[in-house]
Amino acid sequence: MDLIFLGIVLFLFLLAIFDLSVGVSNDAVNFLSSAIGSKAATFKRVMIVASIGVFIGAAMSNGMMDIARHGIFRPENLSFYDVIAIFMAVMVTDIILLDIFNSLGMPTSTTVSMVFELLGATFVVALFKLAAPDNTLGIGELLNTEKALSVILGIFLSVAIAFVFGSIVQFLSRLIFTFEYKSRMKWKVGLFGGIATTAIVYFMLIKGIKDLTIMTPELKSWINDNTVLILGACLIGFSIIMQLLHFLKVNVFKIVVLLGTFSLAMAFAGNDLVNFVGVPLTSLASYQDYAANGGGNLHSFMMNSLNGPAQTPFYFLIGAGMIMVVSLATSKKARQVTQTTVGLSSQSQGDELFGSSRIGRSLVRGAINTFSWISERTPARVKRWISRRMDTTVQQPEEGAAFDLVRGSVNLMLAGMLIAWGTSLKLPLSTTFVTFMVAMGTSLADRAWGRESAVFRITGVISVIGGWFITAGVAFIGAGLVVCLMHMGGVPVMIAGGIIALAMLIRSNMRFNKKKKEIQNDTLFQTILTTQDTKEVWPLLRIYINEKQKMFLTFGATVYRDVINGFINDKGKLLSTAEKSLVTEKEVLKGQRRKLTLCFRKTSPQIAMEKSTWFHLSNNMAMSMTYNLRRINEVCKEHVDNNFTPLPVRFHDSLSSIRDEVCAIFNDAEGAIDENNPETIDILRKRCEAVKLKLSRNAKEVYDLLQNGDTADMTVAYVYLNLLQESQELVTSLRKMLRAAGKLNLEPSHYRSFTHVNSLRDSTTL
């Protein structure tokens, strides 16, 4: 049995490796978003700076595992078996929870997840002990809720304080430097760089390296006694250095951003390492104590030894640091989580990651009304002055940046200051919460949340904040359920839980990689948005539109064939699959329309005037065909699910023929778009008319069935009639889409020569 538990401990270390990987992927947003968003350096250089910070922070960590050892539970009243079950449940839940958030691209807090997993697992184990007949202990002697309450307090404080201060400081910084900051840095930049660097150094002293091995009690005491002197010397010294660097043509803002990235990365690794390796290291210490003194008593040997401090071997820290660095460098999910923060704080509109919500719409409306009220009561001279200082039309971000270096510097400086300030006041401000909400506050102050994007970004912020609270609840409940199963099922359930967690993680990564490949195929969208020459936009956009049209035509043919086959053959599974596909496609089309519209705004006025009608017509027809397919599928699925009378055999051939003809037009339309030949488009449009006539003839047969046929066939006749009528509308929309596609692909000089016959009639009927 002892060997089995040794195997469990070793398995916990294996899980810790995966936990380190997914944890770093999520927490990377803390120190990467500002540097990546502002393009302070190339992505490779940013990752190098962050990796160095992560490795140094991990290697110099003192490895104190107080949270895992005795921060949540009272080890003197828990047995070795209880502790191992808790730790196994925590690791399994943590891996699954963090990976889910990473896959969704949502930043969360490793501290919150770890604390509430320990709390939930310990709570369930405590219930088992309290229910025992010979129990003499109370809940307070088994469970310590103080840590959980401090984390909850930290959530509220972090969200409110960081957002408010971020908005205020960025607003003042922007009034000083304006968006045209590169021409206004002569003397201001030295003082700003000095303040920013001093704030970052203060953060490193108070938060970043306070618990590292190099920080002896004597050194800590000296720093505390001379804090004002240190900060004053840093302010003067760094201000002079930064001013000199500016005179030497060095971009001070880039230095501030990279230094802030390094400090936050080091602080993350030095302080949050316990969240990843604390559990397996504590389990190892527990096993060593049990093996030496337990005497084989799994359920009676209490873990009093965990009340004492533990020093982590250096090689464990080095190993953890290397794993974190490799994970940071290779994780695609880290980039997605970072993308969420960067996207929500971007100065320009782009592909918004979130939709709208009722709360978001209400907040935007309230903000607009509040701003209008303030604007009406602000003196005209003040409004003009602020408008000149906050003129976004002259912004000077780095090429391809989501925001400029001023905001990137403020993000890191203020995050460091707030975390250091909170730590000095013993307020548990979370690094994740502070860095994210500061970024949101600064983006609001920079007028990045315009009326066109505000509702989407506020919804995104609400989603992220909600995710933090959900993290706590899910971590508590999830770990509680897992430990309940493990406590009752014993060792086999523990091992099975670990294997299931690893399997889910591998499956999640496979699905994520597949999804990522689909997103990467959309690089043309980013190319168009970053193209400065309007003459180059339309050729690229035309290719992009054609790609999306062909993708939709392939989808339409596939779904139509599946729906008809499902109805003819009475196959409910095909109809259910089609239903899910159509729901997804609606959202895809909405997202594509927004992206294409943003691209279209980059075209020249002449192109926009000539192509707008056909561009929007094409989008509208795609959405219309989706609705047609949904209405066909909905009625057919309900009929088949209810096991009503199938379609009479005499209609099978005619419906199959219609299916083949419609799908053939869809497929041929793809080739016609590539061919870019008006004659081919005309032929396909005539085929659409022929199919419509055929559908009309079939509908007359159904009318005859309804009038003179068996009453038992009336229900299926109504379904069939709906199918034929919606198919007519589908083909009509396809015909219009073909016309729009042809017009979009014509060169401007041939714009009016698309149709050679009856052009006037077509222009009125589309």
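We did not get these values from a lab; they are worked out from the coordinates using the rules stated. The structure presented is a predicted model; accordingly, all values stated were derived computationally and were not measured. Here the Cβ positions follow ideal geometry from the backbone for every residue, glycine too, while neighbour counts run over all protein chains shown.
I'd like the per residue volume of the convex hull spanned by the Cα atoms of the range 525-765, given in cubic angstrom. Mind showing how you got there, number by number?
Values: hull volume 26.9 nm³, N = 241.
Value for the range 525-765: 111 Å³ per residue.
Beta carbons within 10 angstrom, averaged per residue: use that to sort the peptides 189-196, 88-95, highest first.
On the way: 189-196: 22.1, 88-95: 28.8.
Descending packing order for the listed peptides: 88-95, 189-196.
Just to compare against my own numbers: the Cα pair-distance distribution for the range 635-705, 10 Å bins, whole % per bin, please.
Cα pair-distance distribution for the range 635-705, in percent: 17, 36, 28, 15, 4.
Taking the square root of 5 times each eigenvalue of the Cα gyration tensor, what semi-axes in Å does the equivalent ellipsoid of the range 602-669 have, largest first?
Working: eigenvalues 293, 51, 8 Å².
Working from the Cα gyration tensor, I get semi-axes of 38, 16, 6 Å.
Work out the length of the dipole vector of the range 627-730 about its Cα centre, built from +1 on the beta-carbon of each Lys and Arg and -1 on the beta-carbon of each Asp and Glu, and round it to the nearest 20 debye.
Working: 12 positive and 19 negative charges, 56 e Å.
Taking the Cα centre of the range 627-730 as origin, the dipole is about 260 debye.
When you count, for each residue, the other Cβ atoms within 10 Å and take the mean per peptide, how do 580-591, 33-44 rank with the highest first?
Details: 580-591: 14.8, 33-44: 22.4.
Descending mean neighbour count gives 33-44, 580-591.
Output the pairs from 44/249; 637/700; 186/220; 39/602; 44/220 with a Cα-Cα distance over 30 Å in this structure; if there are none, say none.
Details: 44/249 23 Å; 637/700 23 Å; 186/220 38 Å; 39/602 22 Å; 44/220 35 Å.
As for pairs spanning more than 30 Å Cα to Cα, those are 186/220; 44/220.
Report the one residue of 652, 600, 553 whose Cα lies farthest in the direction of the positive end of the charge dipole of the range 525-765 (charges on C-beta: Lys and Arg +1, Asp and Glu -1; origin at the Cα centre).
Looking along the dipole axis, the top candidate is 600.
To two decimal places, what compactness ratio does the range 534-668 give when its Cα radius of gyration is scaled by 2.2 N^0.38 Å? Please report the intermediate quantities before stating the final value.
Details: Rg = 18.2 Å, N = 135, 2.2 N^0.38 = 14.2 Å.
Against the compact-globule rule of thumb, the ratio is 1.28.
Below 8 Å, C-alpha to C-alpha, sequence gap of six or more: please give me the relative contact order for the range 525-765 in percent. Provide the component values of the computation, followed by the final result.
Numbers: 244 pairs, mean separation 67.4, N = 241.
Rounded, it is 28 percent for the range 525-765.
Order these by the 10 Å Cβ neighbour count, fewest first: 600, 469, 73. Before the final figure, lay out each step's value.
Numbers: 600 19, 469 12, 73 25.
Ordered by Cβ neighbours within 10 Å, fewest first: 469, 600, 73.
Starting at the first residue of the range 664-673, write each ³J(HN,Hα) from the Karplus equation 6.51 cos²θ - 1.76 cosθ + 1.60 with θ = phi - 60°, in whole Hz, x for Gly and Pro.
With coefficients 6.51, -1.76 and 1.60, one gets 5, 5, 4, 5, 5, 5, 4, x, 5, 5 Hz.
Taking amide hydrogens as modeled 1.01 Å from N in the peptide plane, which residues meet the under 5 Å criterion relative to residue 143, leaving out close sequence neighbours?
Amide H neighbours of residue 143: 74.
Give the peptides 47-56, 602-611 in descending order of average Cβ contacts within 10 Å, highest first. Could the numbers behind the result be given before it?
On the way: 47-56: 21.9, 602-611: 16.2.
Listed from highest to lowest mean packing, they are 47-56, 602-611.
Name the long-range amide H neighbours of residue 40: under 5 Å, sequence gap of 5 or more, or other chain; modelled H, no Pro or chain starts.
none
Taking other Cβ within 10 Å of each residue's Cβ, how do 613, 197 sort, fewest first? Don't skip to the answer; put the middle values down first.
On the way: 613 13, 197 25.
Lowest to highest Cβ neighbour count: 613, 197.
Can you put 471, 442 in order of Cβ neighbours within 10 angstrom, beginning with the fewest? Mind dumping the intermediate values first?
Details: 471 23, 442 32.
So the ranking, lowest neighbour count to highest, is 471, 442.
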